[in-house]
1. Can you tell me which of 37-48, 77-88 comes out highest on packing, and rank the rest after it, using the mean Cβ neighbours within 10 Å?
2. What is the spin-label model distance, in nm, from residue 120 to residue 86 if the labels are put 7 Å beyond Cα along the C-beta direction?
3. Set the Förster distance to 30 Å, then compute FRET efficiency between residue 71 and residue 31 from the Cβ-Cβ distance, nearest 0.05.
4. Report the residue, chosen from 69, 107, 16, that carries the largest GNM mean-square fluctuation when the chain is represented by alpha-carbon nodes joined by springs under 10 Å.
């Protein structure tokens with residue numbers, strides 16, 4: 001696992017395109033991101049509150065074997081959690097539509113809460 005660099009953005013965006021997702025913009029990336037080469041990437045978005053950060057924009061290579069993608073996401077999620085704790089962040093929030101991702105996070109100590117998510121995507 002390595003820190004995400006902008007050199008890897010084209011790879012990540014090709015995975016997003018293969019999944020019908022829009023590309024990540026270079027100016028919208030956070031300072032902290034991790035990548036398992038050829039398998040997955042994920043990011044920690046710090047907020048104005050020093051206690052809260054958002055885990056977001058996780059993506060996997062759709063052509064890689066499922067188990068390898070899963071393990072890579074586990075590694076990234078655990079490592080981002082550790083980095084957050086080292087920075088004094090005490091609350092991590094993440095969003096997913098995937099039951100598998102929610103189950104993986106639960107195995108790493110995250111809670112899944114039924115709630116009403118309200119958001120608006122602005123083009």
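All of the numbers you see were taken from the coordinates with simple rules; none came from a lab. Every value quoted in this text rests on a predicted model; they were computed, and no experiment measured them. Cβ placement follows ideal geometry from the backbone for every residue including glycine, while neighbour counts extend to all protein chains displayed.
1. Numbers: 37-48: 18.2, 77-88: 14.9.
Going by the mean number of other Cβ atoms within 10 Å, highest first, we get 37-48, 77-88.
2. About 3.9 nm separates the two model spin labels.
3. Details: r = 25 Å, r/R0 = 0.84.
Plugging the Cβ-Cβ distance into 1/(1 + (r/R0)^6) gives 0.75.
4. Maximum fluctuation in the GNM of the chain, among the listed residues, is at 107.
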